[in-house]
Every structure is written in C-alpha cells, then in structure tokens.
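Structure, as structure tokens:
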C-alpha cells in the first residue's frame, strides 16, 4: 500500500496524556472488533515502532545509525523546524537500512506493541529525559524531543481507525 496516499485520520497530541487517551480508545476499539488500519503495519507494529523510536531518544540510538550527510542536511533544512514543533513527519518515508533497529517485528501482537509504547510513556512521566542526539537533527532539548515524539505518533496512529 502506498502510505503517502493512504487514508489517515488527523490526530493531535499536545501531551503524553492526549496520547494515552488515544491509546485507550484504540484498545477499546480493538476489544470491540472495530479497529481497522489503512497502512502497511498492524496496530502492534505501529505501537512497537513508536516505542522503539521513543526509547532510542531516551537511551540513545544504535552507533551504526548514521544517515548519509545529504539526508542529514535535507532533514535539518526542510523538516527540523516542523518536527520540533510537533508536526507529524510526511507519510511514506522509507527508513534507510541504518535505521533498521526502529522497524517493528513482523509478528508483534497488539498487546505487546501497546505494552512497549506505554512503558516508554511511563518512563518519561517518571522523569526519564530525552537525552540522545538525533541522528538526523542533532542535539535537541527534552521539550523538542517530546514534541517530535508526539508528532511521530500522530502520523502513525493516524493509520488506525477505531470505528
């Protein structure tokens, strides 16, 4: 499926609480059997991908996750300002091989992926700070990281439709 043109919901997260409320709604829809996806990943994969990106921003990205210089310049020139404001990234970006660690497992279940994402949200609420240097954007403040993480989740959770 072409995720650049796939049907997506517009979701807005201004806080972790907003994201948690959305996760509750998606879990309820899954339990009711009304949750559907319009992207290439299952809900569990979406949650796990968001969790892996979130965790890397706290703990650090793998050392070999170094994007080509042209990609770094392009991202900093065209995307950084939007990303640190919390705007979602454009859909359909294919991660380079260096970012493989952020991709979800093929067989991750809804509950496993959701649990992984909630664990990262809990870490942040408990005081863990976003400290990693972004492979694309360089050094960011905790607030910039949090807005970027929420924007990233907006993109991916937009492919999930609760009813």
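The values are calculated or read from the model by the stated rules, or taken from the named source; none is laboratory data. No experiment lies behind these values; they were computed from the predicted model shown. Cβ coordinates were reconstructed from backbone atoms using ideal geometry, including for glycine residues, and neighbour counts include every protein chain displayed.
Need the failing condition index for residue 23 against (1) in a loop (DSSP other than H, G, I, E, B); (2) out of contact with any helix residue (DSSP H, G or I) (no Cβ under 6 Å at 6 or more places or on another chain); (3) under 16 Å from residue 154 (Cα atoms); (4) at pLDDT 95 or above, just the number.
Exception for residue 23: condition (1).
Filter the stretch 106-163 down to the residues that are loosely packed, with under 15 Cβ neighbours inside 10 Å, out of contact with any helix residue (DSSP H, G or I) (no Cβ under 8 Å at 6 or more places or on another chain) and closer than 14 Å to residue 18 by Cα and list them by number.
Within the stretch 106-163, 122 is the sole residue that qualifies.
Checking residue 41 against (1) buried (at least 17 other Cβ atoms within 10 Å of the Cβ); (2) without any contact (Cβ under 8 Å) to a residue 24 or more places away in the chain, which single condition isn't satisfied?
Status for residue 41: all satisfied but (2).
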